[in-house]
Amino acid sequence: MDKRYDVTGLGELLIDMTQNAVSEQGNALYEANPGGAPCNVLAILKKLGHRVAFIGKVGDDIFGHELKDVLDELGIESKGLITDSEARTTLAFVKTFEDGDRDFSFYRNPGADMLLKRDEIDTSMLKDTRIFHFGTLSMTHPDVREATLYAVDEAKKAGALISFDPNLREPLWDSLENAKKQVENGLDKCDILKISDNEIQWLTGEDDFIRGIDKIYEKYAIRLITLSMGKSGSMAFYKKDTSKTEYITAFAEPFLREDTIETTGAGDTFGGCILHHVLEKGLDDLKEEDLKEMLVFANAAASIITTRRGALRVMPERSEIEELIK
């Protein structure tokens, strides 16, 4: 049966305040870029021709209204977006260092995205989607955590594949022990996992990525794991049968660029391209060459987004990605 949406995402929709210049007085100048990991994923999927929808909450304020307009402008279904008059839209100030590393300061105490409740979830959207995607920023506090896990279960019951990106942001958690518990919650429910190099080291305690992947596979029945490693490229691990120990793997080199300005949204762009590949090829009989093709495409798209400020509004076209690969 055909579903109305290819991917429905749930989580944070916020403003990334990204430093992009210095004033004549020497003060930092910040640009208000629409963002939020789940919506970044949806934005690249929409650019690639997929039908996407979002579930979340913003404040009844200037930024909340702007974000609703951006979703409508991009063609991301926004009927699952709730406006809250009691809290402000979350802001994330992003500082990028010379080595490309980033530091985040979140204005979210509380932010509207934290206040999404279970009874505000439009379950019709969950029953009408091929893939449901979420992360852990919607699992940092009890109410929104309950809403998120309820949405996961409803989507899973309706036959959707579950996609999960931990997207660890340490300052938002009361403890890293709680963060690890919620990441494990996500691993227990997902079919597709996108994880970064620093996250897998933190989660498994293994500096060797393969040993870290093996630890995850020992505990969780995940079909496809993709590992983003920044300037070191990316890897994919796929199990045709989760009851067996064997998996196939692939690696792809990064597309390093001299015109990179910041990496905000690169991981989300990568993850969205992985879901694009799953939507086109399925998840039942992937070969090593399929994994390689998937990674090359995702690496190229992520490389392009590092040359632009923000992500949500400036995702690359398919033609740009294919030209870079050539």
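Computed from the coordinates by the stated procedures, all read-outs in this text should not be read as laboratory data. Bear in mind that the values here come from a model prediction, so they are computed numbers and not experimental data. Here Cβ is always computed from backbone atoms with ideal geometry, including for glycine, and neighbour counts include all displayed protein chains.
Observations
- Computing FRET efficiency as 1/(1 + (r/R0)^6) for Tyr107 and Glu320, where r is the C-beta to C-beta distance and R0 is 22 Å, gives about 0.10.
- The stretch between Glu184 and Glu206, if pulled fully straight at 0.36 nm per residue, gains 6.3 nm over its current Cα-Cα span.
- When the Cα gyration tensor is reduced to axis lengths a ≥ b ≥ c, the ratio a/c stays below 1.5 for the chain, which is therefore classed as rounded.
- The shape of the stretch 1-88 comes out oblate: with a ≥ b ≥ c from the C-alpha gyration tensor, a/c is at least 1.5 while a/b does not beat b/c.
- Electrostatic dipole magnitude of the stretch 183-326 [Cβ: Lys, Arg +1; Asp, Glu -1; Cα centre; debye, to 20]: 240
- Cβ-Cβ FRET estimate between Ala32 and Lys95, R0 fixed at 22 Å, reported to 0.05: 0.90
- Placing R0 at 51 angstrom, the Cβ-Cβ distance between Glu288 and Arg4 gives a FRET efficiency of 0.95 after rounding to 0.05.
- Using the average count of surrounding beta-carbon atoms within 10 Å as a protection proxy, the listed peptides 155-166, 284-295 rank, highest first, as 155-166, 284-295.
- Our estimate of slack between Lys281 and Phe251, defined as 0.36 nm per intervening residue step minus the Cα-Cα distance, is 9.0 nm.
- Net charge in the neighbourhood of Gly212 (other residues with Cβ under 13 Å of its Cβ; Lys, Arg +1, Asp, Glu -1) is -4.
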